[in-house]
Structure formats: C-alpha cells, structure tokens
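Reviewing the structure listed below.
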Amino acid sequence: MIELDGVEKVYGDATALRGVDLTVQDGEFFTLVGPSGCGKTTTLRAIAGLESLDAGTIRFDGADVTGRPPEDRNVGVVFQEYALFPTMTVRENVAYGLQFDPPEGSVESRVDDLLELVDLAGLGDRSPSELSGGQRQRVALARALAPEPDVLLLDEPLSALDARLRDRLRLEIKRIQRELGLATVYVTHDQAEALAVSDRLAVVNDGRIEQVGDPEAVYENPGTRFVAEFLGENNCLDGRAGAGGETEGSRVRVGDATFAVSGEHDGDVTLCVRPESLYVNASQNRFVARVTDVEFLGEAYRVHFDWNGRRVLARLDHAPEGDVELGFDPAAATVLD
Amino acid sequence: MDRGLGATRRTALSRLGGAAERGYALADRIGAHGAFLATLAVLVVVFYYPVGTVLFTAFTESGRVSLAPLWATLTDPFYFGVLAGALADPAGAPAAVRGWIDAGFPAVRTGLFGWTAYLAVLGTGAAVLVGLPGAYVLARYEFPGRETVRSLTVVPFVLPAIMVAVGFTTMFGTSGALNDVLGLVGLHVNVAFSVPLVVAALTFYNAPLVTRFVVAAADTVDARAVETARTLGAPRWRAFRDVVAPQLLPSFLAAVLLVFVFDFMAFPIVLALGGLRLATVEVWIYSLAGDLRLGEAASLAVLETAITLALTYAYLRYERTEGAARAARIERVPLVGPPTAGRLLAAGYALVALVLYVGPLASMVLESLTRGGHLSAANYAFLLAQQLGTGGTQPTVAVRNSLLFAAGAVALAVPMGVSIAAITNRDGRLARVGGALLMAPLAVSGVVTGIGLLQALVFGVDLFGWHLAVTGPVAIVAAHAVGGYPFVVRNVAPLLARANRDLAAAARTLGAGPARAFRDVTLPFVAPGVVAGAAFAFAISVGEFNATIVLARDPGWYTMPVALERYLSNPSVGPYLGPAAAMGTVLLAVTAASFVVVERLGGRWEP
C-alpha cells in the first residue's frame with residue numbers, strides 16, 4: 001500500500017504539488033490523469049524517490065520512506081521515453097537491477113523468463129537502438145519488473161507509440177500487472193486511456209488532486225467543472241438553480257430556458273450534460289439550437305450547435321441540418337454547486 | 001510484499017561487496033557537488049588566485065591600494081598614443097583635434113594598444129576574406145572528400161603556434177621554399193619580420209574558424225524555409241538574403257569576435273615572426289615580465305584582460321545554442337561540372353589553401369628532411385643527439401617533458417571538465433555560476449596566467465609562517481590543465497545534455513547508488529566525449545607555449561614548443577632551420593594523432 005500525505009513540491013518560484021493526498025492499495029491499478037504540467041509526473045517521481053519533497057510524507061506499507069533514496073525503495077519505473085541504457089544490450093538492460101538484488105535462481109533464467117513474459121524472447125542480444133518503439137517499451141517494462149519491485153510506476157509509457165500499438169500494449173500491461181498482482185501507478189494525459197485501464201483514477205490539476213474514484217463513478221458524477229470537462233466531452237453551462245415547484249428535484253435556469261434536474265440545488269450552479277445524453281424528440285428539457293458543424297466519426301455523428309451564443313455538442317446517429325430541438329433526461333444532467 | 005527480505009539481502013550484499021562498494025559509498029557521500037568544489041579549488045589555486053595576484057599588483061603602489069599605476073599606463077602615449085594624451089588632459093582634447101585637422105590629418109600615434117588592435121583587425125579581416133569563400137565552397141558543393149576537408153579545417157586550431165611560425169619561415173622566409181621557387185625566375189622577396197607574414201600566419205590559424213562556424217550554421221538552415229521563400233516569389237538571391245543570411249549572421253559575428261580575441265592575444269606567432277619590432281600588448285607583457293618589471297606588466301595585463309573579457313562576453317551572447325531541431329538539409333551541388341562563377345571561385349580557393357595551408361607544413365617537413373640541399377636525417381639525428389651548445393636545450397628532454405606534462409594535464413583536466421559539465425548540466429544557480437567561472441580561463445591570455453603562476457606559485461607565498469611554493473613542472477601541468485579542461489567540458493556537456501535525465505534515474509530505481517549509476521550508465525554514454533576531450537587537452541598541452549615559456553625558467557623543463565622557439569631565436573644552432581623544422585614535424589605528428597582520435601569520436605573543436 002502506498003500512502004501520500006500532504007505532499008508538496010516547489011520548483012524555484014513555481015509550485016508543482018500543492019498538498020497531494022493519495023492511497024494506492026496492493027494489487028491496484030491506479031491512474032494519475034491530467035493535462036501536461038499538472039504535477040502527475042512529479043507525483044510519480046516523488047513516489048520513486050527521484051524528487052525530494054518540500055512537505056508531506058510518503059509511506060510504503062506504513063513505513064515512512066520520504067527521505068529514502070530511489071535505490072532503496074524497491075520500485076520499478078517505466079519512463080516516458082523508456083530511458084533504456086544505450087550502451088547495454090537488451091539482456092544487460094533487463095539484468096541491470098538484478099546485480100543489486102540477486103534472484104533466487106540464476107540471473108540468466110530470470111532474464112529469459114522476463115523476456116518471455118513481454119514477448120521478446122530471442123532479442124536479448126540486440127542493442128536498444130535496433131528495436132522498434134513497441135519493443136523498447138516492453139524492454140523497459142521487463143527491466144522494471146526484473147528485481148521484483150513492490151510497486152510498479154509507469155510514466156506515460158505508451159505516449160510515444162502509434163494508436164493501434166498503444167491499444168494492444170495497454171491491454172498487455174494490464175494483463176501482466178494483474179498476473180503479478182502489483183500495486184501500479186500509471187501516469188497519462190490521455191483521459192480515454194485512464195478510463196479504459198484503471199481500477200481507480202485520480203484527476204490531477206494544477207498540483208492538486210481534483211477527484212479520486214473508480215472510472216465509472218468519476219465519469220458519471222464529476223465533482224468539479226474541471227473533472228466534468230476533462231474526462232470525456234461535456235456541455236457545461238452556467239445557470240441559476242431554484243426549487244422544483246410541484247415536481248421532485250430542482251429547476252436550473254440557463255439563459256431564457258429552464259431545465260428540470262434531480263436533487264436539491266440552489267443559487268449559482270453549473271449544469272453539465274454529456275453530448276451522448278442529448279437527443280432529438282426528447283420529452284423534457286427541450287431547447288432549439290442551430291447546427292454549425294457536423295463531423296462523421298464512423299459509429300456516430302459529432303454535431304456542433306449554437307444555442308443563443310453558447311456552444312453545445314451532441315453525439316447523434318444522424319446528421320441534422322438547420323434548427324434542431326434537443327433535450328435530455330433530468331437524471332442525465334450533473335449539477336455542480 | 002517482501003520489503004524486509006529484500007532489505008536484508010541488500011545489507012548482506014553490501015557487507016560482501018568490499019572495497020568497490022565502499023568506494024561507491026564514499027563517492028555517493030562526496031557527490032557531484034564535492035567533485036565540483038574540488039575542481040573549483042584547483043582552479044582557485046592554479047588560476048583565480050594567480051591571475052588575481054597579477055591584477056592585484058596592478059592596483060597597488062608601494063604596498064597600498066592605488067589606481068595610480070593603471071592611470072600611468074592609460075596616460076602613457078607609448079601604450080595608448082593620442083588617446084593617452086586625451087585622457088591625461090581632457091580639456092585640451094578639442095584644441096588638439098582642431099590642430100590635427102588644421103595640420104591636414106597627419107598620421108596619428110596609436111600606441112601599443114592601437115597597434116595591437118590594428119594587427120587584430122588586419123588578422124580578422126584576412127580570416128574573413130579567406131574563411132568565407134571556404135565556407136561557401138563547403139556549404140554549397142558536394143565533392144569526394146568534402147567531409148575530410150571539413151574535418152581538416154579543425155587542424156590549424158590545435159597546431160602549436162610556434163610550429164606554424166616555423167612552417168611560415170620555411171615557406172616564406174629569406175631562404176624559404178617560396179624564394180626557392182621564385183629564384184628560378186630570378187625573383188626574391190623578403191617578408192621576414194614583416195606585417196604581411198604575421199597576418200598570413202594569423203590567417204592560417206583563424207580563417208578555418210570562420211569557415212567552421214559559418215558551415216555549421218549553414219547546415220542547420222532549413223531547406224523548407226528557402227523553398228517557402230521561393231514559392232512565395234523570391235528569386236534565389238533574395239531567398240539567400242532574406243532567409244539564409246540572417247541565420248548565418250549570428251554564427252558569423254561570433255566567429256569574427258572570437259577571431260579578433262585570438263588575434264588580439266596572439267603571442268607565439270607575433271613573437272617568432274614579428275619579434276619585438278612588431279610587438280603587441282601580449283608580447284610586451286612577456287618582455288616586461290622577462291625583465292621582472294611585473295608591476296608594469298600587471299597594469300597592461302589588467303587592461304588587456306578587460307578588453308578580451310568584454311569581447312568574450314559579446315561572443316557568448318552570439319554563440320549558437322545546441323540542439324536545434326533536425327532540419328531538411330539544403331541540397332549541395334556537385335563541385336565538378338561546367339564552369340560557373342562559384343566553381344571558378346572554388347578552384348581559386350583550392351590554390352589559396354594550397355599556398356597557405358599545405359605550403360608551410362609541407363616545406364617544414366621538407367626542411368626537416370634536408371641538410372645542405374640533400375635529403376638527410378641529420379636534423380633528426382640532432383634531436384636524438386642530446387647535445388647542444390650554449391643554451392643547453394636538450395631535444396629529447398623537451399620531447400619527454402612535453403609527453404609527461406601532457407599526460408599530467410589530461411589526468412587533471414578530465415576530472416575537472418567532467419565534474420564541471422555534470423554540474424552545469426543541471427538547472428539552478430550553481431550551474432549558472434559554474435558556467436560563468438568556466439569561461440574565464442578562455443578569456444585570460446596564457447602569458448597573464450603564466451605570470452600569475454610564476455608570481456604566486458613558483459615564487460611562492462608566505463602563509464601562517466610557512467613558505468608555500470609550487471615548483472616548475474607542477475605549475476606547468478596545472479597551467480596546461482587549465483588551458484585544456486574547457487575543451488573537456490565542451491565535448492562532454494552536449495552528450496550529458498542528450499543523456500536523458502531519466503537514464504540515471506532508471507539506474508537509481510533499479511538499485512544503483514548515485515556514483516554507481518553515474519559510472520554504469522552516464523559515463524559510458526558520454527565516454528566518446530570524454531576521450532575526445534582528453535585528446536583535445538593532450539593536444540592543447542603539447543602545443544601550449546604562452547604559459548610554459550614563462551614557467552619553464554630552467555632548460556630542464558623546456559617542452560617541444562619552447563625548445564622550438566629557442567632554436568628559432570638562438571643562432572648558435574647554426575644557419576639551419578633544420579632542427580626547428582624537425583622538432584616541428586614531431587609536434588605535427590603528435591597533434592595529428594590527437595586530431596585523428598578526436599575526429600573519429602566526433603568531438604567538438606570549437607572552444
């Protein structure tokens with residue numbers, strides 16, 4: 001179990017981390033997701049011991065490791081551009097960590113097992129420069145796993161690869177992680193990737209954790225406007241909430257339209273409706289918007305609307321034209337107070 | 001999780017590890033900062049303190065701090081010509097200018113500094129004149145051996161200046177190769193101890209610098225930008241003027257500034273080819289120091305250093321930063337083809353290069369192999385004979401000294417350079433300070449450093465009742481290391497910058513301590529730079545003249561370049577240039593070997 005408690009990091013006059021609290025359980029695949037520069041990589045490097053902290057503590061299984069150097073933390077790290085040792089072969093790269101923590105059997109057989117695990121058997125004598133991007137990524141993974149780390153840390157391990165390979169390796173990493181039952185922290189800026197692989201995820205913004213939870217919960221119930229707009233696409237509109245009158249729930253007034261939503265809300269709020277929750281011929285919460293652009297995505301159309309100067313996005317199964325009446329179910333909307 | 005087990009295993013291992021483990025542990029505790037501080041300490045002892053004492057001498061008079069000596073120098077017409085008069089009597093300046101105009105603009109006395117600057121301007125102009133066409137040919141044309149020629153442009157930079165002086169004497173001297181050729185048609189020129197000869201030798205040195213800087217900049221010009229300009233309607237010459245030239249300009253100006261600084265501080269070439277008759281500030285400082293008029297020498301040194309430091313600062317502002325994105329190269333055209341203006345220029349340039357570069361070196365080698373007009377090994381036999389009349393410069397001793405000092409200088413310069421590169425590679429204040437401290441030795445002339453070492457270390461200081469002195473050879477090795485370590489830094493730093501910071505981090509997370517990670521991962525990565533830097537430091541040491549001639553008071557510590565100068569200036573050797581040429585040829589061979597090592601490893605030669 002990894003615990004971060006009030007972790008802060010300052011670079012010169014810029015604050016990279018402003019009090020990060022996190023708990024990663026044993027065997028859990030935990031993702032830090034956020035825009036570039038949000039502090040997710042700094043958090044990962046802090047866990048690895050590669051960044052000194054300005055405040056806060058980090059504990060592994062209850063033991064304080066805050067001041068411990070990286071070589072004494074028993075972590076395995078896969079770096080963004082892999083950081084394979086260019087002067088060593090694949091085999092020497094994978095075996096490097098084993099000299100400080102010899103395996104039960106022979107080093108040779110351990111390296112063979114790992115190369116087998118990442119599907120690189122037979123490439124041990126190559127130099128990293130002779131490998132493709134995907135192969136390098138897998139060498140980096142094997143090297144990180146070799147000394148049997150307690151924690152696996154992955155810093156944007158797939159960002160240098162093309163889309164198809166990324167999808168395949170994502171599943172592979174997940175499979176290996178589950179097989180070994182390793183506590184894993186995965187850093188990515190790609191929200192779709194974060195939603196796809198994580199047991200739980202934390203949305204990081206400006207050096208703070210915005211929200212933590214399992215992917216579905218965070219996606220369905222974003223706690224802040226940042227999370228609502230960062231994870232997936234969203235239409236977030238500023239409005240004013242009041243009591244619902246004769247019906248259950250509340251009413252939110254946006255411009256000259258009034259929408260019914262579930263739950264008790266009052267005062268200035270932000271109303272968020274996902275593009276896939278908007279549809280035509282709705283029975284409730286209807287408003288008329290003008291189509292400005294249509295993009296064909298294959299399985300659906302991404303339609304841009306102008307609604308009295310507000311931009312609204314909908315995902316529809318056809319390509320409409322001109323003025324369209326859209327609507328949504330009260331339960332599909334998220335209201336942020 | 002088996003944290004406890006892992007930790008126990010590691011503890012057991014470190015107990016078994018023995019000396020190596022303890023060595024790494026010690027290195028971890030000292031750390032990069034410790035190595036940097038040690039380097040700084042060496043620099044303080046062999047550079048900042050000695051140079052500081054020289055500068056301090058300039059600001060003292062009979063034991064008290066005073067600006068009087070400096071002011072005396074500034075207002076001495078011998079040094080500053082009419083400027084001195086204007087400084088001494090500012091109020092009288094307008095009247096003097098009027099008198100000068102009324103007299104019909106007679107020649108103005110410029111003083112030693114004016115003369116030095118004039119010579120530097122001539123040298124810089126000639127370097128541009130010869131260097132730019134070379135850059136054009138190398139950047140524009142493709143031909144077999146182009147890369148080799150390009151590599152060879154670095155050679156003059158490390159050739160010992162005194163050896164170049166011998167080459168120029170054997171080529172252009174009274175009984176040189178040129179006169180032998182001209183004598184066939186009944187002509188004879190006498191250029192010995194003349195300005196053209198000194199300027200030609202300075203050009204030999206510095207024109208390749210202009211070429212290299214401009215070609216390097218031209219190689220990073222993005223062909224797509226030129227193509228864009230052409231598609232927007234610009235003719236070829238406009239595309240060059242608007243797109244290419246502005247990108248070459250900073251490098252060109254940087255080269256001009258650097259060449260000017262080198263010319264301004266040029267010492268052995270001026271001393272050997274011009275003598276005291278053409279003495280520059282640097283030669284005069286040396287001469288004053290030789291007469292032990294150290295106070296006056298110090299004043300001059302302060303003024304000279306102020307000028308060169310300012311110019312070096314300007315140079316650094318223009319210097320290109322590394323790591324531009326890989327651009328699409330502009331296609332080069334074949335050199336061989338129908339004659340065009342450019343191809344004719346290239347042909348003419350080849351002729352100039354032949355006379356200016358191949359000529360002196362070839363005639364030196366030839367001279368070393370002849371005696372009395374016949375092929376002979378007599379000159380080399382002389383080098384081995386270990387005998388010499390008055391003056392007592394033993395040739396084999398000089399060769400031995402050169403190699404020993406060079407080995408010592410490399411041993412000192414490499415750790416210094418690597419630790420400075422490692423520190424300046426990081427962000428932060430220490431890196432900036434380190435970077436600035438690093439450049440200072442480049443901007444202070446060798447003679448000034450040498451006088452400082454002589455005054456502070458060889459003569460010694462009394463500290464807490466102890467007399468501390470560093471003797472000749474140690475001081476020489478230290479001075480050579482100071483001259484060489486910037487090149488180690490310049491070769492290692494770009495590689496370190498390319499070594500992703502995650503590389504060492506990866507080794508750390510796999511269990512290696514900081515020192516171990518540096519040795520296992522970072523060092524092998526930068527090894528080519530270290531070897532190139534070492535070869536460079538070696539070549540610099542072998543060719544170093546300015547500091548050595550000040551420090552090597554005892555003939556027993558003469559190096560090859562110093563011995564060479566003695567042969568040149570000592571008529572007791574006989575009417576032959578032979579022994580000097582033979583020694584020069586040995587020097588050429590040693591520096592050429594260093595060149596091959598550096599070039600093979602893709603080293604950086606620019607300072």
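The values are calculated or read from the model by the stated rules, or taken from the named source; none is laboratory data. Quick caveat, the model's predicted, so the values are computed rather than measured. No Cβ is skipped: glycine too gets one built from the backbone with ideal geometry, and neighbour counts run over all protein chains shown. When the accessible area is computed, the model is the full protein with side chains, heavy atoms only, and any ligands, DNA or RNA have been set aside. Shrake-Rupley method; radii C 1.70, N 1.55, O 1.52, S 1.80 Å.
Summary table
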item: Charge dipole magnitude, Cβ of K and R +1, D and E -1 - the protein assembly as shown, Cα centre, debye nearest 20; result: 3980 debye
item: Tilt relative to chain A, helix A:133-145 - C-alpha long axis, 0 to 90 degrees, to 10; result: 70 degrees
item: Cβ-defined net charge surrounding A:GLU233, 9 Å radius [Lys, Arg +1; Asp, Glu -1]; result: +1
item: Principal-axis tilt of helix A:107-117 within chain A, Cα atoms, nearest 10 degrees; result: 30 degrees
item: Gaussian network model of chain A, springs between alpha carbon atoms under 10 Å - residue of A:PRO102, A:PRO149, A:PRO222 with greatest fluctuation; result: A:PRO102
item: Helix axis angle, A:163-180 relative to chain A longest principal axis, alpha carbon, degrees; result: 60 degrees
item: Residues in the stretch A:59-93 reached by a label modelled at A:SER159 [backbone nitrogen below 20 Å; 7 Å Cα→Cβ]; result: A:76-85
item: Between the stretch B:513-538 and the stretch A:31-85, the alpha-carbon center distance in angstrom; result: 27 Å
item: Cα extents of the stretch A:1-65 along the three principal axes, largest first (Å); result: 35, 24, 18
item: Interface B:A - total buried accessible surface [probe 1.4 Å, Å², rounded to 100]; result: 2800 Å²
item: Exposure rank, largest accessible area first [A:GLU108, A:GLU193; 1.4 Å]; result: A:GLU108, A:GLU193
item: Accessible surface of the protein assembly as shown [probe 1.4 Å, protein heavy atoms]: carbon and sulfur percent; result: 59 percent
item: Extension reserve of the B:ARG519-B:LEU87 stretch, reckoned as 0.36 nm per residue once the Cα distance is removed; result: 149.7 nm
item: 222 nm mean residue ellipticity, helices alone, for chain A (DSSP H n ≥ 4; -39,500 (n - 2.57); rounded to 500); result: -6500 deg cm²/dmol
item: Around A:THR188: net Lys/Arg minus Asp/Glu count, Cβ-Cβ under 11 Å; result: -1
item: Cα-based shape type of the stretch A:36-188, given that a ≥ b ≥ c are square roots of the gyration tensor eigenvalues and the cut on a/c is 1.5; result: oblate
